[in-house]
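First comes the structure, then the notes that go with it.
The values are calculated or read from the model by the stated rules, or taken from the named source; none is laboratory data. Predicted model, so just to flag it, every value in this text is computed and none were measured. Note: ideal-geometry Cβ built from the backbone for every residue, glycine included; neighbour counts use all protein chains shown. Areas reflect the complete protein model, heavy atoms only, side chains present, ligands, DNA and RNA absent. Shrake-Rupley method; radii C 1.70, N 1.55, O 1.52, S 1.80 Å.
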2 protein chains.
Amino acid sequence: MSLKIALLGILDLAPMTGYDLKKSIEASVAHFWSADQSQIYRTLAVLVSDGLAEVEVVPQQGRPDRREHHITPAGRGALNDWLRSPLEPETPHDAFLMRLFFVGTLGVPATRALLRTRRNQATALLAALRGVAEQEQSPREPDDRAPDDLGRRLRFATLRNGILHAEAELAWLVETKEALG
Amino acid sequence: MSLKIALLGILDLAPMTGYDLKKSIEASVAHFWSADQSQIYRTLAVLVSDGLAEVEVVPQQGRPDRREHHITPAGRGALNDWLRSPLEPETPHDAFLMRLFFVGTLGVPATRALLRTRRNQATALLAALRGVAEQEQSPREPDDRAPDDLGRRLRFATLRNGILHAEAELAWLVETKEALG
DNA sequence: TACCTATATAGGAGCACACCTATACAGGAC
DNA sequence: GTCCTGTATAGGTGTGCTCCTATATAGGTA
């Protein structure tokens, strides 16, 4: 369901090809959503056949035609319906915690190694998120200034969410390391 | 993949029926993993056909026979292999953040409502996790004392992880509410 | 010359999972 | 007497996703 929504949401900001969408996802929502390229094309085809998006073919020379996808009024309706639908608590699936839950049988050194790897990953993630956040916050040219509208604040808030959780993960790692003695 | 591991990990602690596994998952790993009952039975059948678990039929009167699943040496091997395999950074899928990312077009009141719902969910989750943690920590009868071994500490650590993240989420919600002015 | 990257598309195969449904009996609640 | 809960099993159907592969051309790098 949600990849459809992600695509509709991005297409609502600007019309795009599947290729553009892939890059746009990597640049903007990668910290809370990921998408396989082939899945994007498939889902895009479903959106079109459901009347939620329309294709405009833009010929190019030396390259495949751009198949630019535009959101339709029906697509905007579907997006808004989803945004207004009740927020279900999500069913968690955390492979790292499952590993930790069962890794005890392998002994203390293996456990420490697992926690170390996790710390490296969390540190790298935090640095990446802080890098993006700084760019977002950096002062802009006066004539280039994007409006500090609700949407922009909310997009920044999703970044802050990732940062706070990465910090919490690192704090937990310190605590857990100590608890192992 | 990971449900197989969850089942093997739990069966490594004690042999169980599918029904027992469902309850065990709800009682112990629900804060980071969820499993559908029909999926448990299907996955259990795969484990048996792969030689990772064996069934012992225990007849009962008035109830269906217990089909008790025991982990085999091959199953223990597969579990350990997975535990030792490299920890891949997970690809995130957070439907709430996606909602927040796009909800700006609906306006400030809808945004506030979304954040309020999220706060209620996070508060409930935190209370539930703290409840479980207290039970785990509560002093036991001297002759009933479970060994405070590595496994037990790690299982407690996964709970602490959930608690710290729930707290981080609430802190983020306060910050975000203020940022909306 | 040969490879690598960027642009742009999309199918094949298969996994893991969720939602819904069905079967069967015991014991307690109302 | 009927309904609900607990114990115990399992299939049907469909979704959403990943991994791998294929096609085609331009331009830069070794």
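Contact map, the stretch B:1-23: residues that are under 20 Å from residue B:88 (Cα atoms) paired with residues that are assigned to a helix (DSSP H, G or I) and hydroxyl-bearing (Ser, Thr, Tyr), Cβ distance under 7 Å, separation 6+ or inter-chain. Pairs shown: B:3/B:43; B:4/B:43.
Here residue A:85 meets each of (1) closer than 30 Å to residue B:32 by Cβ; (2) surrounded by 17 or more Cβ atoms within 10 Å (Cβ to Cβ); (3) more than 8 Å from chain B (Cβ to nearest Cβ); (4) more than 18 Å from the chain's Cα centre (by Cα) with one exception, condition (2).
Would you check which residues across the stretch A:1-57 are outside any helix (DSSP H, G or I), farther than 23 Å from residue A:129 by Cβ and more than 8 Å from DNA strand D (Cβ to nearest atom) and list them? Talk me through it step by step, then tell me what you get.
Filtering the stretch A:1-57 for residues outside any helix (DSSP H, G or I) gives A:1, A:14-17, A:29-36, A:50-57.
The next check asks that each one be farther than 23 Å from residue A:129 by Cβ; those that pass are A:1, A:14-17, A:50-57.
Selection gives A:14, A:15, A:16, A:17, A:50, A:51, A:52, A:53, A:54, A:55, A:56, A:57.
Screening residue A:56 on (1) over 21 Å from the mean Cα position of the chain (by Cα); (2) under 30 Å from residue B:113 (Cα atoms) shows it passes everything except condition (2). Assess whether residue A:111 counts as being under 24 Å from the mean Cα position of the chain (by Cα), modelled with pLDDT of 95 or more, within 12 Å of chain B (Cβ to nearest Cβ) and farther than 26 Å from residue A:151 by Cα. It is false that residue A:111 is under 24 Å from the mean Cα position of the chain (by Cα), modelled with pLDDT of 95 or more, within 12 Å of chain B (Cβ to nearest Cβ) and farther than 26 Å from residue A:151 by Cα.
Note on the stretch A:32-51: residues that are near DNA strand C (Cβ under 8 Å from one of its atoms) and touching a strand residue (DSSP E or B) at 6+ places or on another chain (Cβ under 9 Å) total 1.
Across the stretch A:88-104, what is the number of residues that are more than 14 Å from DNA strand D (Cβ to nearest atom) and open to solvent by 40 Å² or more (accessible area, probe 1.4 Å)? Residues flagged as more than 14 Å from DNA strand D (Cβ to nearest atom) and open to solvent by 40 Å² or more (accessible area, probe 1.4 Å) within the stretch A:88-104 amount to 2. Can you tell me which residue is nearest to DNA strand C (Cβ to nearest atom) among those in the stretch B:62-80 that are surrounded by 18 or more Cβ atoms within 10 Å (Cβ to Cβ) and more than 17 Å from residue B:17 (Cβ to Cβ)? If we take residues in the stretch B:62-80 being surrounded by 18 or more Cβ atoms within 10 Å (Cβ to Cβ) and more than 17 Å from residue B:17 (Cβ to Cβ), then B:78 is nearest to DNA strand C (Cβ to nearest atom). Taking residues in the stretch B:34-57 that are open to solvent by 80 Å² or more (accessible area, probe 1.4 Å), and partners anywhere that are more than 12 Å from DNA strand D (Cβ to nearest atom) and not in a helix (DSSP H, G or I), the pairs with Cβ atoms closer than 8 Å and at least 6 places apart or on different chains are B:54/B:70; B:54/B:72; B:56/B:70. When residue B:153 is tested against the conditions (1) surrounded by 17 or more Cβ atoms within 10 Å (Cβ to Cβ); (2) within 30 Å of residue B:19 (Cβ to Cβ); (3) free of Cβ contacts under 8 Å to residues at least 24 places away in the same chain, the lone failure is (1). Here residue B:110 passes the criteria (1) buried (at least 17 other Cβ atoms within 10 Å of the Cβ); (2) more than 16 Å from DNA strand D (Cβ to nearest atom) except the one numbered (1). Select from the stretch B:58-74 the residues that are farther than 10 Å from residue B:11 by Cβ and within 12 Å of DNA strand D (Cβ to nearest atom) and list them in ascending order. Scanning the stretch B:58-74 gives B:58, B:59, B:60, B:61, B:62, B:63, B:64, B:65, B:66, B:67.
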